Amino acid sequence: MSLFFRFTLTTLENSGMSYQEVCDFAFKEFYVPFMQSLEEQIGREKFMEILKRAGDENGAQRGRIAAKNLPKNDLAAYAASIKNNEYFIHILTYEIVEETDEAFEMRITECLWAKTFLEANATDIGYATLCHTDYAYIPAYNPKIKFIRIKL
């Protein structure tokens, strides 16, 4: 008896799914219930600590990789990588408030990830695994860049 798996690449455009549907499928239907089960087994405080620690490790690793893969690891290259990220364009609604050699400020008014995790009653999990990683990503990308997140 043999088992054969065939994987094909399907782009979002030909999947027939919207970004909202992809987030719902990926997070609400699998990821969040899985994480909530782990949280019940481990306990909330320890679970959040583990998620943030793992997020820090992942964020730092992604920051180091980005620093190597971009032509430069300065603020301008970082800003360009955000503005030209096809995925972010569909996930975030934002405006660039300031963009100079010394500062890059975005005001995010909508976030599909936040909406998805809020609807799944799992904002803490979403924050720990998606947002919190920025605090480790930026210094790994370039330790001279200071990252500040303000919730208005």
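Only one of (i) 59, 40, 33; (ii) 39, 36, 28; (iii) 43, 30, 28 was calculated from the structure for Cα extents along the principal axes in Å, and its label is (i). Among the lysines of the chain, pairs that are 8 or more positions apart or on different chains and have alpha carbons within less than 30 Å of each other number 28. With only the Cα atoms considered, the stretch 51-124 has a convex hull volume of 109 Å³ per residue. Based on DSSP H segments of at least four residues, each scored -39500 (n - 2.57), the chain has a per-residue ellipticity at 222 nm of -15000 deg cm²/dmol. Counted by Cβ distance under 9 Å from residue 136, the other residues give a net charge of -2, where Lys and Arg count +1 and Asp and Glu count -1.
Read-outs: derived from the displayed coordinates by stated rules, not from any lab. Just so we're clear, the structure is a prediction, and the values are computed from it rather than from any experiment. When we count neighbours, we look across all protein chains shown, and the Cβ atoms used for this are built from the backbone with ideal geometry, even at glycine.
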